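Please treat every number below as a calculation from the coordinates, not as lab data. Since we're looking at a predicted model, the values are computed, not measured. Glycine gets a Cβ as well: all are built from the backbone with ideal geometry, and neighbour counts include every protein chain shown.
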Amino acid sequence: MSLFQSSLREISLNLHSKPGARLVTLLMVALAFIVFNTFLIISWNLQGLMNREENTVGMEVFLQRDLSQAQGRVIGDNISSIPDVQSVYFVSPEEAEALFRAELPERSDLLDVMGSDFRLPASLQIVFEDEAMTQRRLSELARQIEALAGVDEAVYGEDYLPGLLKTVTTIRRLVILLGIVLVSSISMVVFYTVRLSVVRRSLTVDIMKTVGAPGWFVRIPFVVEGIFMGVAGSAGGLLLAAILSKVLSGAVAHRFMPVSWMTMVILLGAVTGTVGALAGSYEKER
Amino acid sequence: MNLLVTMNSVRLSYGRWPALDNVEMEIRQGEFLVISGPSGAGKTTLLRLIWMGERPDSGFVEVSGFRSDRIRKRELPQLRRKIGIVFQDFRLLDSRTVFDNVALPLQVTGTGNRTVQKRVISLLARMGLSHRRNAFPHELSGGEQQRVAIARAMVAHPVILLADEPTGNLDPEVSREVVDLLLEINRGGTTVVMATHDPRQVPAGKGRFLFLDRGVLRRADRWTELDEES
Ligand SMILES: Nc1ncnc2c1ncn2[C@@H]1O[C@H](COP(=O)(O)OP(=O)(O)O)[C@@H](O)[C@H]1O
Ligand SMILES: [Mg+2]
């Protein structure tokens, strides 16, 4: 048997001895990760929501129905001359209908029900310079535009957007904070579990040393044990979070996190497990 | 004759009391050395110094070219592969068979499978343990367990065998067998150091006797003298 093979054998012997002792640790790691994953999912969904909103920031100005296309364009020209307006795009009723059918195909039957005489209102889509994107300036602009003759209504993410931005920032900070707490607490849990394992198997450790096993050979089963607990714990947490997400998807519409984030979670588990295990299996002398 | 172990002004304390005080001694290659003394005299500590499970507070121990004050942590395994150790309480690994216990010193150095098989099987045969090869330690008698432990200590062909009260947990008859086995190993060329509180276990003339008294080493040529001293 090569040294590598006998090392693998020792690793497997260690993992198979007293699996019950590790179960509690695994459960703790998994539970900690469920909490973390929940926040990741919330963060991911809010982020997605915000990205969509950001794309439509700007303003949609609905025109009164009796206006002709030419009159609509004149209003558009007037708006273009307002400071902070970057561009104005005229959306005709036909184009509005095409957009509606493209973006909400499952609702396009609504238009059919309305009959062929029905026309969506013409509108102007306005994009502002970035500097204008404050709540105050946006509401000012909305008031100014609504005052124009022929304008029915100016719509933008009025009370919605700034609150969302703040929530996303808060959640993101929370996720980072939680990540730090998670890393340190899981490292500790793994540290103590590995320590316990070393003590429980102290006879094996002592005998290995007295018969001349290299230091890494003695240590590696415990390091692998720690990595295993980190990876299995984080994977378990991910799985439980996925089940939870599935169960709740009926009540709260949301998406699970992307694969890259899941990989990150597992990696975090591995790193935390490794750190805890290296520290837990460290011995100064002999 | 070749010196295998040298102790030079070795002092070692646990807390306030010295466990060993100014120990000077040499172990020659091929000899059978008996270190005797009452319980707590420092016999175990002396052996631990030889396999460097302990380092002296002052002075140094030199074993087969390795010096306690210069050896690096990663050199310890190299030293230990030259040393076989037997304990009073056997210290066999309970979840492994007799074969795996004996094979351990070879496996941790990456010895090839075939060599391991050959060496372990022939050693077990010589020790009369062939039929116990797949048994677990708790299924063996005390004498058998100690023979397995001796086989484990010898399988990697150490230059020196350290036996710390190897008969301490055995009845007199089995003790005699174990001492005979150690003497036989010594006749095969391996240096043997045996620590015991009862030096009468080794026939006079079969070895060199040293006496430890509260950490101080005294010379004694015959166990009868020891008897009077203690
Ligand atoms: N790990 C230790 N910690 C504290 N004291 C110890 C330790 N090991 C041994 N001693 C003390 O050192 C002295 C020598 O012990 P030891 O070498 O075990 O004696 P022996 O083997 O001759 O019975 C004793 O007084 C013992 O109590
Ligand atoms: Mg002792």
- Here the Cα Rg-to-2.2 N^0.38 Å ratio for the stretch B:118-165 is 1.13
- Query: Given chain B, what percent of its DSSP beta bridges are antiparallel, to the nearest 5?
  - Reply: 55 percent
- Query: Could you give the length gained on full extension between A:Val35 and A:Met264, defined as 0.36 nm per residue of separation minus the Cα-Cα distance, in nm?
  - Reply: 80.9 nm
- Note on the structure: Mean separation of Cα contacts under 8 Å (at least 6 apart) over the residue count of chain A, i.e. the relative contact order in percent, is 30 percent
- Positive-end residue of B:Ser36, B:Ile121, B:Leu46, charge dipole of the stretch B:1-144 with Cβ unit charges: B:Ile121
- Task: Sort out for me the Cα centre separation of the stretch B:70-107 from the stretch B:126-173, rounded to whole Å.
- Result: 13 Å
- Local electrostatic count, A:Val223, Cβ distance below 13 Å [Lys/Arg +1, Asp/Glu -1]: -1
- Bins of 20 Å from zero: percent of alpha-carbon pairs in the protein assembly as shown: 17, 31, 19, 14, 13, 6, 0
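Using the beta-carbon distance between B:Arg96 and A:Glu283 and R0 = 30 Å, what value does 1/(1 + (r/R0)^6) give for FRET efficiency, to the nearest 0.05? It would help to have the intermediate numbers written out before the result.
On the way: r = 23 Å, r/R0 = 0.75.
Computed FRET efficiency for B:Arg96 and A:Glu283: 0.85.
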- When DSSP assigns beta bridges and you keep just the ones with both residues in the protein assembly as shown, what percent turn out antiparallel, to the nearest 5? 65 percent
- Query: For the stretch B:71-170, what is the largest minus smallest coordinate of the Cα atoms on each principal axis, given in angstrom and ordered from greatest to least?
  - Reply: 39, 34, 24
- Note on the structure: Shielding of B:108-120 by other chains, given as the mean Cβ count within 10 Å, works out to 3
- Item | √(5λ) per eigenvalue of the Cα gyration tensor, the stretch B:132-204, largest first, Å | 20, 17, 9
- Task: Mind putting a number on the dipole of the protein assembly as shown about its Cα centre? Charges go on the C-beta only, +1 for Lys and Arg and -1 for Asp and Glu, and I need it in Debye to the nearest 20.
- Result: 3320 debye
- Message: Tell me which trypsin sites (Lys or Arg not before Pro) from the stretch B:61-123 have a DSSP coil assignment and no more than 11 other beta carbons within 10 Å of their own.
- Response: B:Arg70, B:Arg72
- Message: Below 8 Å, C-alpha to C-alpha, sequence gap of six or more: please give me the relative contact order for chain B in percent.
- Response: 29 percent
- Message: I want the local charge near A:Ser17. Using Cβ-Cβ distances under 13 Å, sum +1 for each Lys or Arg and -1 for each Asp or Glu among the other residues.
- Response: +3
- Task: May I ask for the percentage of alpha-carbon pairs in chain B that lie more than 24 Å from each other?
- Result: 44 percent
- Item | Which listed pairs, of A:Lys209/B:Lys43; B:Lys82/B:Lys206; B:Lys43/B:Lys82; A:Lys18/B:Lys118; A:Lys18/B:Lys73, have C-alpha distances above 22 Å, in listed order | B:Lys82/B:Lys206; A:Lys18/B:Lys118; A:Lys18/B:Lys73
- Query: Sorted by mean Cβ packing within 10 Å, highest first, what order do the peptides A:6-17, A:231-242 take?
  - Reply: A:231-242, A:6-17
- Note on the structure: Residues whose modelled amide H sits under 5 Å from the amide H of B:Val216, counting only those 5 or more places away in sequence or on another chain, are B:Asp21
- Give the long-range amide H neighbours of A:Asp152: residues separated by 5 or more places, or on another chain, with amide H under 5 Å away, using H modelled in the peptide plane at 1.01 Å from N. A:Phe62, A:Leu63, A:Gln64
- Karplus 3J(HN,Hα) series, Hz, for the stretch B:156-172 with 6.51 cos²θ - 1.76 cosθ + 1.60 (x for Gly, Pro): 8, 6, x, 7, 9, 10, 9, 10, 9, 6, x, 10, x, 9, 10, 7, x
- Note on the structure: Log entry: pair-distance distribution for chain A, C-alpha pairs binned every 5 Å from zero, whole % per bin is 1, 5, 9, 11, 10, 9, 8, 7, 7, 6, 5, 5, 4, 4, 4, 3, 2, 1, 0, 0
- Phi-based couplings in Hz for the stretch B:87-100 (Karplus 6.51, -1.76, 1.60; Gly and Pro marked x): 10, 4, 9, 6, 6, 8, 7, 5, 8, 10, 6, 3, 4, 5
- Proximal lysines to A:Lys246, defined as alpha-carbon separation beneath 30 angstrom and excluding residues fewer than eight positions away on the same chain: A:Lys166
- Cα-centre dipole for the stretch A:183-286 with unit charges at Cβ (Lys and Arg positive, Asp and Glu negative), debye to 20: 60 debye
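Is the shape of the stretch B:7-83 best called rounded, prolate or oblate, per the rule: a/c under 1.5 gives rounded, else a/b larger than b/c gives prolate, else oblate, with a ≥ b ≥ c the square roots of the Cα gyration tensor eigenvalues? It would help to have the intermediate numbers written out before the result.
Numbers: a/c = 1.77, a/b = 1.23, b/c = 1.43.
Oblate.
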- Item | Mean residue ellipticity (222 nm) of chain A, computed from DSSP H runs ≥ 4 via -39,500 (n - 2.57), nearest 500 | -24000 deg cm²/dmol
- Message: Among A:Leu26, A:Leu268, A:Ala154, which residue has its Cα furthest toward the positive end of the charge dipole of chain A, with +1 on Lys/Arg Cβ and -1 on Asp/Glu Cβ?
- Response: A:Leu26
- For the stretch A:172-231, what does the alpha-carbon gyration tensor say about shape, rounded, prolate or oblate, given a ≥ b ≥ c as the root eigenvalues, a/c under 1.5 as rounded, and a/b over b/c as prolate? prolate
- Note on the structure: By the Cα gyration tensor axes a ≥ b ≥ c (a/c under 1.5 gives rounded; else a/b larger than b/c gives prolate, otherwise oblate), the shape of the stretch A:59-103 is oblate
- Cut-off under 5 Å, modelled amide H: who pairs with B:Ala195 long-range: B:Ile35, B:Ala163, B:Asp164, B:Glu165
- Applying 1/(1 + (r/R0)^6) with R0 = 41 Å to the Cβ-Cβ distance of B:Arg208 and A:Ser17, what FRET efficiency is obtained, to the nearest 0.05? 0.40
- Per-residue ellipticity at 222 nm for chain B, helices alone: DSSP H runs ≥ 4 residues times -39500 (n - 2.57), over residue total, nearest 500 deg cm²/dmol? -9500 deg cm²/dmol
- With r as the distance between the Cβ atoms of B:His197 and B:Ser9 and R0 = 30 Å, compute the FRET efficiency 1/(1 + (r/R0)^6) and round to 0.05. 0.70
- Note on the structure: A correct Karplus calculation of ³J(HN,Hα) over the stretch A:67-77, with 6.51 cos²θ - 1.76 cosθ + 1.60, θ = phi - 60°, whole Hz and x for Gly and Pro, returns 6, 7, 4, 5, 4, x, 5, 5, 4, x, 4
- Along the dipole axis of chain A (charges at Cβ: +1 for Lys and Arg, -1 for Asp and Glu; origin at the Cα centre), the most positive-end residue among A:Gly212, A:Val127, A:Ile186 is A:Gly212
